[in-house]
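The values are calculated or read from the model by the stated rules, or taken from the named source; none is laboratory data. Since this is a predicted model, take the numbers as computed values, not measurements. Glycine gets a Cβ as well: all are built from the backbone with ideal geometry, and neighbour counts include every protein chain shown. Remember, those area values only see protein heavy atoms, side chains included, never the ligands or the DNA or RNA. Shrake-Rupley method; radii C 1.70, N 1.55, O 1.52, S 1.80 Å.
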Amino acid sequence: SVNGLMNSFMRWIGFEMFRAWPEDPMFAMLSCVIPGVWAGAGPGCLIYLAALKTIPEEQFEASEIDGAGFFSKTFHIVFPALMPLIIINFVGAVMSAFHASQNILIMTAGGPNGMTEVAALRIFYQAFMFLQFGPATAMAWIVGSMLLGFALFQLRRLSRMEFKSGG
């Protein structure tokens, strides 16, 4: 449909172009990714806000006395304090990206021209549309092994970090 939210916004700011975003090869994947990002933004923001509250205010005050600016405080205080949470959320985001295939199946079914076909959707098609269970199982094992290896690598990295309490 060309009467969606994005086209209404484009019309409101002065553009007269109408586009079926999921059917356009250039914007199909973006139109599949944005709803997932939007859905995960709320809980992610709450988690990061709670973690930011654990950073002692004295660190920010001491850095201001030393002449640190916004970027210096961000890179030398905030990022190191939040690094364990960033790694945990990164692992969760990668894992959930492999579960996003149901949204792509509903929105574009892998089209246009295969531009939005992801690994999990390919496995689904191989197994349940083409009934080629052998290749689908092999692909699933490879993807599962990659995810497991990625998660173990990140958890190993996380176990080496030093955790500090905020209080």
Over the chain, with a Gaussian network built from C-alpha contacts below 10 Å, which listed residue (ALA100, ALA50, ALA28) shows the highest mean-square fluctuation? ALA50
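Using a 1.4 angstrom probe on the protein heavy atoms only, line up TRP141, TRP38 by accessible area, largest first.
Values: TRP141 180, TRP38 205 Å².
Listed by decreasing accessible area, they come as TRP38, TRP141.
Provide the convex hull volume over Cα atoms per residue for the chain, in Å³. Mind dumping the intermediate values first?
On the way: hull volume 26.5 nm³, N = 167.
Dividing the Cα hull volume of the chain by its residue count gives 159 Å³.
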Calculated from backbone phi, Karplus (6.51, -1.76, 1.60) coupling profile of the range 116-129 in Hz, x at Gly/Pro: 10, 7, 9, 4, 5, 5, 4, 4, 4, 4, 4, 6, 9, 9
Of the DSSP H helices in the chain, the ones reaching 27 Å or more along their long axis in Cα terms and averaging at least -1.0 in Kyte-Doolittle hydropathy are 28-53, 133-159
Longest segment of the chain with no GluC sites (Glu not before Pro) in a DSSP loop having at most 13 other Cβ atoms within 10 Å? 17-161
